[in-house]
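The values are calculated or read from the model by the stated rules, or taken from the named source; none is laboratory data. Note that the coordinates shown come from a computational prediction; the quantities given were computed from them, not determined experimentally. FYI the Cβ positions are ideal-geometry reconstructions off the backbone, even for glycines, and counts take in every protein chain you see.
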Amino acid sequence: MHEMGIASSILDTLSAEAAKRPGTRILALGLKIGEVSGVNPDSLEFCLQCLVKDTDFDGLGIQIETAPRRHRCPKCDREFDVVDYEVACPGCGEFETRLVSGDEMEITYLEVEDG
Amino acid sequence: MSRVSVKRKVLKENDRIAGGLRAGFLARNVLTLNLISSPGAGKTSLLEQTLRRFPGGRKTAVLTGDIETDNDAKRLEPFGFPVKQITTGGSCHLDAPMVERGLAALGAGDIDVLFIENIGNLVCPASFDLGEACKIVVLSVTEGDDKPLKYPATFVRSELVVINKTDLLPYVTFDIARARENAKRVHPGIDILEVSCTTGKGIDEWLGWIEKRLDAVRKGAPEPKT
């Protein structure tokens, strides 16, 4: 599935970050994966573990934070988590609320061993 | 040990190329539509109907993706618009570099609308920005009416759902009202059209939707988040 391509793209970013920090080692990375991003966190972690084996990043720690699906109401500006597709605003009942987060796929941080 | 904040998009390189494509499309006033569906929902049939009835004076072109074969390009070429097949050789989605290469090979010149027919797959294509103005999901009535709930990522990121094969409604258990409700539950702002590529019903409305969307691009309407 596409998690392997995504993992490979993450590894490219890691290599670029490592090149900027000669003499240090990247020990772990933090990822933020939204609930409706279409990416399976377990599968992504598995793909990353496979790709880093026998590379400079062997043994890399992978911490994945899943981001809940949040909507904002255009009428009353309330923001709320959407659970079980309940998209109507809990404040005023407006149905046409908009996604504000939950579709992200981000690298949030790196843990670096200082040289 | 120290923690360094990075805040990078996971698909940084794809998104960079997609951003370049999008800027190019906007600069040339091209409306680019990324068609996504499960295999067999009717993306190519919808394009056949579209090209057959494409408004006179308007120019279009198609990039059509498949894992193997150029069957789809062969189906679409007779309509006289530029068509280029992208074969991914196994990859389950199109990415921005494939579109960039396909576009160069297409050599379409001045066009109004570019259609990108993604690989038949309701999961992976959702994650890859191709520089399009919007994603459109095609859902057919021979599938389940709960598809939007099962594949939310695609529906959340699509601006329009085209429900196809409506001529088959008398023969299947698909509940179109429930499908519409499910699509709205996943993405309250999504537009919904009903078509039959066999009878041609609803194709005028689909062409009207494209024309309206083209106007929005030309008036410089802000691109939606989806």
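Some notes on this structure:
- For the stretch A:77-115, a residue qualifies if it is more than 30 Å from A:R25 (Cβ to Cβ) and in contact (Cβ under 8 Å) with a residue 24 or more places away in the chain, and the qualifying residues are A:T97, A:R98, A:L99, A:V100, A:S101, A:G102, A:D103.
- Residues that are over 18 Å from B:P125 (Cα atoms) and in a loop (DSSP other than H, G, I, E, B) were ranked within the stretch A:35-55; the one that is farthest from the other protein chains (Cβ to nearest Cβ) is A:D54.
- Residue that is farthest from B:G24 (Cα to Cα) [pool: residues in the stretch B:84-103 that are more than 14 Å from every other protein chain (Cβ to nearest Cβ) and surrounded by fewer than 23 Cβ atoms within 10 Å (Cβ to Cβ)]: B:T87
- Residues of the stretch A:85-115 satisfying the condition of being closer than 22 Å to B:C124 by Cα, of a type in the set (D, E) and assigned to a loop (DSSP other than H, G, I, E, B): A:D103, A:E104
- Contact annotation: residue pairs with Cβ atoms under 9 Å, 6 or more positions apart or on different chains, pairing a residue in the stretch B:75-89 that is under 14 Å from B:I116 (Cα atoms) with a partner that is hydroxyl-bearing (S, T, Y) and surrounded by 20 or more Cβ atoms within 10 Å (Cβ to Cβ), are B:L76/B:T44; B:L76/B:T64; B:F81/B:T60; B:P82/B:T60; B:V83/B:T64; B:K84/B:T64; B:Q85/B:T64; B:I86/B:T64.
- Beta carbons closer than 6 Å, at least 6 apart along the sequence or on distinct chains, pair a first residue in the stretch B:174-201 that is within 21 Å of A:V100 (Cα to Cα) with a second that is of a type in the set (G, A, S) and crowded, with 18+ Cβ neighbours inside 10 Å for B:I190/B:A183.
- Positions within the stretch B:104-118 being surrounded by fewer than 22 Cβ atoms within 10 Å (Cβ to Cβ) and under 18 Å from B:N14 (Cβ atoms), in sequence order: B:A104
- Within the stretch B:1-57, the set of residues being modelled with pLDDT of 95 or more, among the acidic types (D, E) and in contact with a Lys or Arg (Cβ under 6 Å, 6 or more places away or on another chain) is empty.
- Hits in the stretch A:1-34 - residues which are part of a helix (DSSP H, G or I) and at the interface with chain B (Cβ under 8 Å from one of its Cβ atoms): A:G5, A:I6, A:S9, A:I10, A:D12, A:T13, A:E17
- Condition check for B:L63: of a type in the set (A, V, I, L, M) and either assigned to a strand (DSSP E or B) or more than 16 Å from the chain's Cα centre (by Cα) (or both): yes
- Looking only at residues of the stretch B:34-52 that are in a helix (DSSP H, G or I) and either small (G, A, S) or buried (at least 19 other Cβ atoms within 10 Å of the Cβ) (or both), we find that the one that is nearest to the chain's Cα centre (by Cα) is B:K43.
- When we screen B:T69, B:T142 for residues that are part of a loop (DSSP other than H, G, I, E, B) and on the phi > 0 side of the Ramachandran plot, the only hit is B:T69.
- For the stretch B:139-190, a residue qualifies if it is among the hydroxyl-bearing types (S, T, Y) and under 14 Å from A:Y85 (Cα atoms), and exactly one does: B:Y151.
- Taken together, the residues in the stretch B:1-33 that are under 19 Å from the mean Cα position of the chain (by Cα) and within 14 Å of chain A (Cβ to nearest Cβ) amount to 4.
- Residues within the stretch A:61-104 that are in contact with a helix residue (DSSP H, G or I) (Cβ under 7 Å, 6 or more places away or on another chain) and at the interface with chain B (Cβ under 7 Å from one of its Cβ atoms), tallied: 4
- Checklist (1) more than 16 Å from A:M4 (Cβ to Cβ); (2) modelled with pLDDT under 95; (3) crowded, with 16+ Cβ neighbours inside 10 Å applied to B:L63, failing item: (2)
- Scanning the stretch B:178-207 for residues that are farther than 19 Å from B:Y151 by Cα and of a type in the set (D, E, K, R) yields a count of 4.
- Subset of the stretch B:11-32 (residues that are of a type in the set (A, V, I, L, M, F, W, C), closer than 19 Å to B:D110 by Cβ and not in a strand (DSSP E or B)): B:L21, B:A23, B:F25, B:L26, B:A27, B:V30
- When residues of the stretch A:9-37 are limited to those that are without any contact (Cβ under 8 Å) to a residue 60 or more places away in the chain and either of a type outside the set (A, V, I, L, M) or surrounded by 19 or more Cβ atoms within 10 Å (Cβ to Cβ) (or both), the one nearest to B:I17 (Cα to Cα): A:S9
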